[in-house]
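The values are calculated or read from the model by the stated rules, or taken from the named source; none is laboratory data. What you are looking at is a predicted structure, and each value in this text was computed from that prediction instead of being measured. Cβ sites come from the backbone with ideal geometry, for glycine too, and all protein chains shown count toward neighbours.
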């Protein structure tokens, strides 16, 4: 399967991920998750959660 990588700089990583996927015409975003729960998730935040919340492109999360 062909694969292409990209390096994107953005103050908000989730926005960079979504913008790159949109620009490249991706039909799926694949992301990994640490699976933090509770207070750790709230304090640290989650770029994966932000992508899931803000993206219209389907996102597959591997934990």
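Out of the residues in the range 36-47 that are over 13 Å from the mean Cα position of the chain (by Cα) and outside any loop (DSSP other than H, G, I, E, B), state the one that is modelled with the lowest pLDDT.
Applying the first criterion (over 13 Å from the mean Cα position of the chain (by Cα)) to the range 36-47 yields 36-44.
If we keep only those that are outside any loop (DSSP other than H, G, I, E, B) too, we end up with 38-44.
Working: 38: 72, 39: 71, 40: 67, 41: 67, 42: 60, 43: 58, 44: 55.
Only one residue fits best here, namely 44.
When you scan the range 1-35, how many residues do you find that are assigned to a strand (DSSP E or B) and surrounded by 12 or more Cβ atoms within 10 Å (Cβ to Cβ)? Step through it out loud before you land on a result.
Taking the range 1-35 as the starting set, the residues that turn out to be assigned to a strand (DSSP E or B) are 29-32.
Now narrow it down to the ones that are surrounded by 12 or more Cβ atoms within 10 Å (Cβ to Cβ): 29, 31.
Total meeting the criteria: 2.
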